[in-house]
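For reference, the structure is listed below as structure tokens.
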Amino acid sequence: MSSKAKRKLKLGVFKFASCDGCQLSLLDLEDDLLSLADAVEIAFFPEASSKMKKGPYDIGLVEGSITTPHDAKRIQQIRRQCKMLVTIGACATAGGIQALRNWHNLNQWVGQVYAKPKFIHILSTSTPIAEHVPVDVELRGCPINKHQLLELLAAVAVERKPNIPTYSVCMECKRRGNVCIAVAQGVPCLGPATQAGCGAICPAYGRGCYGCFGPMESSSPKILAVHLLAQGNATEAVQRSFRTFNAWSEPFREMSEGKGTE
């Protein structure tokens, strides 16, 4: 063994507009996280500890979307502090549920919700991190798959490419031995256009995939939309099916706006 110990990777975890679910996936690793203790130091993680070390950081995990002018400035500062920036979850990679406001009159909503709207300083849109700074790796999901997060951290620690699947949920259905509910039952399912990572949970229990891991790498949502329409689903229902957790991702956004479902 070398007398000179290898330096631990310094990890920072940062939050923007989100529910905290993806950060909790890191904590949910529990004993598995201990296997990385010799290689990774969690230096900044307000969700888990009040003891925080200043940057720079080797890896920055970012949860949440950019929704305020303050957010837009802070993500620039975080990007400068992080050698590798990883966005985790649908909010950080595709704007999240809060991106649904991007199609509506935000001022009207603020006026209805807050007693004194003049004190609310917010951007007109909720956007993913990549629209503001360069991103090195994206981990999809709502929330992310904790095992994919562990794989990413382990891969960075030993300087190899992480093994994160980019194929569709249909592959996961086949591996579980699920009968295709879209074919056998005519259930509307976004599985063919959605990236794997959830383990095909919804189809395994008789519900169509609703795209929580966003569009797969070579996604063809237009083909899927045409198929859903041919099954007799209403145009509005098909468009709405693409407007959920990953509504602001370009392939799903185009379908939700009617491009390909006219």
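What follows is calculated from the coordinates using simple rules that are stated; it is not laboratory data. Just so you know, these numbers come straight off a predicted model, no measurement behind them. Glycine also receives a Cβ, built like all others from the backbone with ideal geometry; neighbour counts cover every protein chain displayed.
Data table
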{"item": "Segment I120-A72, length gained on full extension (0.36 nm per residue, minus Cα span)", "result": "15.7 nm"}
{"item": "R0 of 22 Å, Cβ-Cβ distance E257-I223: FRET efficiency to nearest 0.05", "result": "0.85"}
{"item": "Coil-residue chymotrypsin sites (Phe, Trp or Tyr not before Pro) of segment 130-237, DSSP, other Cβ within 10 Å capped at 15", "result": "Y167, Y205"}
{"item": "Longest exposed-site-free window of the chain, the sites being trypsin sites (Lys or Arg not before Pro) in a DSSP loop that have at most 14 other C-beta atoms within 10 Å", "result": "55-159"}
{"item": "For segment 150-176 versus segment 89-142, the gap between their alpha-carbon centres in whole angstrom", "result": "28 Å"}
{"item": "Y205-T235 FRET efficiency (beta carbon distance; Förster radius 45 Å; 0.05 resolution)", "result": "0.95"}
{"item": "GNM result for the chain, Cα springs below 10 Å: residue of M52, M216, M171 fluctuating most strongly", "result": "M52"}
{"item": "Considering only the chain, percent of DSSP beta bridges that pair antiparallel, nearest 5", "result": "20 percent"}
{"item": "Placed amide H near S168: partners under 5 Å, 5+ positions off or other chain", "result": "A196"}
